Amino acid sequence: MQSFVLFISMLFLVSQTAFTQSISEKNLRKHITYLASDKLKGRATGSREERKAADYIAKQFKKIGLTRKGDQGDYFHHFHFKKSSDPHGNVDEKAPQIDSRNVVGYIDNQAEYTIVIGAHYDHLGLGHDRNSLEANPEGKIHNGADDNASGTAGVIELARHLAQNGVREGHNFLFLCFSGEELGLVGSKKFTESPTIDLSKVSFMVNMDMIGRLNTEKRIMVGGVGTAPDFVPTINQLKGDLTVKLDSAGIGPSDHTSFYLKNIPVLFFFTGQHTDYHKPSDDVDKINFSENSNCSNLPSG
Ligand SMILES: [Zn+2]
């Protein structure tokens, strides 16, 4: 996972002259261990534990020194919604309102355009929302280590890397951790409806959803590559020994869809399906933290 996050970071660094910093396995492990702990009870949208997860992410953003880009002068973008009560997505108006927050931080490089780097941090909680694939899910903690503590850790460590690498890249960066994804991409949809930056100045959006299970074939899926002409050649240039499966579609089962629907090019990173998907067994001990990958086709001068 460490080297894979580094690979993603290289997308933004193609014009840099030196590349000395790496992505810390220790930090990735710390974030995923906390977010996917039983203490956070599966981070169900609107729950007390989901608020704790958002507070944790905001604390990391503050430590890293990101600029606050929430809607009230802090790191939070607040949103409210009512859960759909049937499989067709019809909203029950009598249902209680859910209050939730996306977490938003920014690096201002004084550039005209911004790259958005996002991942959802919510998961299935105690399995009460019909999204679990466990036979009798109710009351069991769905820890969601791969889905999507892994992508959340990726956002935090990319933010640290880009904030502290001593390079002023040619883009600004917006780091976004979404909630409400498991209930229908709610947080990302709400953000694109009331963004805290000018979306017409976003050059592309990167989404990481389940990036913690790089297998021995080092196989990754990259979606959205048809949404901008530079994506395929850039990925082919950087992929090193990763086996990359490309998908051109900008619409998929995660938050990049909300941005693509606003005509923003998107890239979606995913290390693949597994038998623990949407089950209480999606735990931190199954995350592949240290898989070494030779994705070092870096510009050297
Ligand atoms: Zn997910």
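Under 5 Å between amide hydrogens, built in the peptide plane, is the criterion, and for Arg219 it picks out Thr243 among residues at least 5 positions away or on other chains.
Within the stretch 49-64, find all residues whose amide N lies under 15 Å from a label point positioned 7 Å from the Cα of Gln164 along Cα-to-beta-carbon. Answer for the stretch 49-64: 59-64. Taking the C-alpha atoms only, the angle from helix 151-164 to the longest principal axis of the chain is near 40 degrees.
Obtain the radius of gyration and the Kirkwood radius of the stretch 2-286 from its C-alpha atoms and give Rg over Rh.
Values: Rg = 17.7 Å, Rh = 18.8 Å.
When Rh is taken as the Kirkwood radius, the ratio is 0.94.
Adding -39500 (n - 2.57) for every DSSP H run of four residues or longer, then dividing by how many residues the chain holds, sets the calculated 222 nm ellipticity at -7000 deg cm²/dmol. In this rough spin-label picture, where each label sits 7 Å from Cα along the Cβ direction, the Leu133-Ser24 distance is 3.4 nm.
Note that the stretch 126-140 has calculated 3J(HN,Hα) couplings of 9, x, 8, 10, 6, 8, 6, 9, 6, 4, 10, x, 4, x, 8 Hz, one per residue in order, obtained from phi through the Karplus relation 6.51 cos²θ - 1.76 cosθ + 1.60 (θ = phi - 60°); glycine and proline are x.
With r defined as the distance between the Cβ atoms of Lys286 and Ser200 and R0 fixed at 41 Å, what FRET efficiency is calculated, to the nearest 0.05? Taking R0 as 41 Å, the efficiency between Lys286 and Ser200 is 0.50. Tyr113 label point, 7 Å along Cα→Cβ, cut-off 12 Å on backbone N: hits in the stretch 145-182? Only 170-172 fall inside the zone, counting backbone N under 12 Å.
Extent of the stretch 48-185 along its three principal axes (Cα atoms, max minus min coordinate, largest first): 50, 29, 24 Å.
I need Glu182, Glu138, Glu49, Glu93 ordered by Cβ neighbour count within 10 Å, fewest first.
Glu93, Glu138, Glu49, Glu182
Can you compute log10 of I(q)/I(0) for the stretch 68-123 with the Debye formula, treating each Cα as one identical point scatterer, at q = 0.15, 0.17, 0.20 Å⁻¹? Evaluating at q = 0.15, 0.17, 0.20 Å⁻¹ gives log10 I(q)/I(0) of -0.63, -0.74, -0.86.
Annotation: amide H of Asn207 within the under-5 Å range of Gly118, Leu267, Phe268, Phe269, sequence separation 5 or more or interchain, hydrogens built in the peptide plane. Pairs from the list Lys82/Lys140; Lys140/Lys262; Lys52/Lys201; Lys140/Lys286; Lys52/Lys190; Lys63/Lys140 with a Cα-Cα gap above 26 Å: Lys140/Lys262; Lys52/Lys201; Lys63/Lys140. Residue separation of Thr33 and Asp230 scaled by 0.36 nm, minus their Cα-Cα distance, works out to 67.4 nm of gained length.
Coordinate-derived values only; no laboratory data. Only a predicted model underlies this, so the values are computations on that prediction, with no experimental measurement involved. Because the Cβ atoms are built from the backbone with ideal geometry, glycine has one as well, and the counts that use them run over all protein chains shown.
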